[in-house]
Amino acid sequence: MLMDSKETSREKMGKIGKNPSFFASVKHALDGIGIILREEKNMRSHALFGLIPLLSAWFFGASPMEWIVIIFCIFLVIIMEFLNTIFENVVDLVTDYEYHPLAKKAKDIAAGAVLVTAFFAILIAAIIFLPKFLELYYKLI
Ligand SMILES: Nc1ncnc2c1ncn2[C@@H]1O[C@H](COP(=O)(O)OP(=O)(O)OP(=O)(O)O)[C@@H](O)[C@H]1O
């Protein structure tokens, strides 16, 4: 019963349905990336901060394994921000922007997951780069 009304409303809208091709799926995925870059200031910050370890890796001539770990950490933070944004949107959809303690809980926990991942990435960056920075520092003084 519910299924029938759902399908009818889908047909009426004419906008929702299975992607007709692989390229249509890719286009919608790219739209999603565009939306998160436009609407989420935190995602732009992550992308910008991600440049620091990349430039440092280039400057210090990081080993292939160090490059892999650094790129892994950058993508981990970015993926976590994607998940956080998905949660925020689903919560807003369900609550229709009305206050609900469970909505607060879900959003705060999702934001906490991003924070934990960012700390993890900073810790890894410190383990890789701190000795290199110190070596350079003692060479220069
Ligand atoms: N429907 C709601 N009910 C209760 N609290 C909410 C609700 N929506 C948001 N909040 C609270 O307001 C905070 C900010 O919510 P918002 O959706 O604006 O996230 P944001 O500022 O985009 O978060 P982030 O910085 O993680 O991207 C949430 O972390 C949560 O504590």
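A few remarks follow.
- Value of [θ]222 nm, deg cm²/dmol, for the chain, DSSP H segments ≥ 4, -39500 (n - 2.57) each, nearest 500: -30500 deg cm²/dmol
- Once the Cα-Cα distance is subtracted from the 0.36 nm per residue extended length, the Phe59 to Lys105 segment shows a gain of 12.4 nm.
- Relative contact order, whole percent, for the chain stands at 22, derived from Cα pairs under 8 Å and 6 or more residues apart.
- Neighbourhood charge, 15 Å Cβ-Cβ cut-off, centred on Val114 and excluding it, Lys, Arg +1 and Asp, Glu -1: -1
- The Cβ shell under 14 Å around Leu55 holds other residues with a net charge of 0, Lys and Arg each +1, Asp and Glu each -1.
- Here the gap between Glu88 and Phe119, fully extended at 0.36 nm per residue and compared with their Cα-Cα distance, gives a gain of 9.1 nm.
- Lysine pair count for the chain with Cα-Cα distance under 16 Å and sequence separation of 8 or more or different chains is 4.
- Net charge of Cβ neighbours under 12 Å - reference Arg44; Lys, Arg +1; Asp, Glu -1: -1
Quick note: the coordinates plus some simple rules give every number you see, no bench work behind them. All values derive from a computational prediction rather than experimental measurement. As a convention, Cβ positions derive from the backbone with ideal geometry for all residues, glycine included, and neighbour counts pool all protein chains shown.
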